[in-house]
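Below you'll find the structure, written out as structure tokens, and then a few comments.
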Amino acid sequence: NRAARLFARKAGERHDFPKPATSLAGERDRHEIHFEGRDLEIHRTRLPGGGLIVHLSDLTAHNQAVAERERLEARLLQSAKMEAIGQLASGVAHDFNNILGAITGFAGFIAQDSAADSENRDFAQRILNASRRGKEMVEQIMAFAETRAVGHGVTNMGRTLRRCEELLITGMYPGALLEVEMPHVPLLVRGNDVQIGQLLTNLVANGRDALNGGGGVVEIGATAATPA
């Protein structure tokens, strides 16, 4: 057929056609092979008097169309999933924001009613700091849900780490220590303060988990990069 003539190779006095690696065992069979960058389908039928009828089909364009359709369907499905996740995130963030509001309010009352040098005031201030960080994370979730770009600016990594340090220390397992070595000069980077805090938190948590519940030290250090 036409496809067979197109892919035939001249071999001496005869033509050599693309063929499966195995011989025909029964009356007929079907194979798909890759030949010179093309996808071929080969049907073989045994003749009663001997010999074979072989029919070749070029499936390259068909297979490419199927692959493209599957890719588009996967993108559509992913888009639908992201939309559903965005709606869920928006609802969770709204409810969590209300909870944070109550926590912040009562922690503020405790801070106001406690003496300046009391332990209760220090605990209340820690709750307020964590609540403010939680509020910033909620804003990020809302930005994701609304497909808005998260704002980026210049932030000091050292200050961000110091703000997270108390929370990171409380998250360490018994016997595991957190050591932080940061220079006194500002470490200015372009990014989002909350996202950098989340990144540091994840890195410390990974280091903590790598200790397998045993004793050890998780170290964090940073220096200013040398100009190229």
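Taking region 55-146, which GluC sites (Glu not before Pro) meet the DSSP loop condition and have no more than 14 other C-beta atoms within 10 Å? Please list the in-between numbers first.
Details: sites: Glu68, Glu70, Glu73, Glu83, Glu119, Glu136, Glu139, Glu146; in loops: Glu146.
Answer in residue order: Glu146.
Each 10 Å bin from zero up to the one holding the largest Cα-Cα distance in region 36-109 carries the following percent of pairs: 15, 18, 15, 14, 11, 10, 8, 5, 3, 1.
Comparing Lys19, Lys81, Lys135 in a Gaussian network model of the chain (Cα springs below 10 Å), the most mobile by mean-square fluctuation is Lys19. Think of it as helices only: each DSSP H run of n ≥ 4 in the chain is worth -39500 (n - 2.57), and spread over all residues that comes to -18500 deg cm²/dmol at 222 nm.
Two tests apply to each whole DSSP H helix in the chain, Cα reach of 15 Å or more along its axis and mean Kyte-Doolittle hydropathy of at least -0.5, and the ones passing both are 60-113, 157-170, 193-210. Given the Cα atoms of region 165-228, and with Rh set as the inverse mean 1/r over their pairs in the Kirkwood sense, what is Rg to Rh to two decimals? Rg/Rh: 1.02. The slack in the chain from Arg46 to Ala65, taken as 0.36 nm per residue of separation less the alpha-carbon distance, amounts to 3.6 nm.
Listed options for semi-axes √(5λ) of the Cα gyration tensor in Å are (i) 67, 23, 18; (ii) 30, 19, 18; (iii) 50, 18, 14. The value calculated from this structure is the one marked (i). For the chain, the relative contact order comes to 12 percent (Cα pairs under 8 Å, sequence separation of at least 6).
The Cα-based radius of gyration of region 59-193, divided by its Kirkwood radius, gives an Rg/Rh of 1.18. When the Gaussian network model of the chain links Cα atoms closer than 10 Å, the mean-square fluctuations of Leu77, Leu47, Leu177 top out at Leu47.
Every number in this text was worked out from the coordinates using simple rules, so none of it is lab data. Everything quoted here is computed from the prediction, not taken from an experiment. Please note: Cβ atoms are built from the backbone with ideal geometry, for glycine as well, and neighbour counts cover all protein chains shown.
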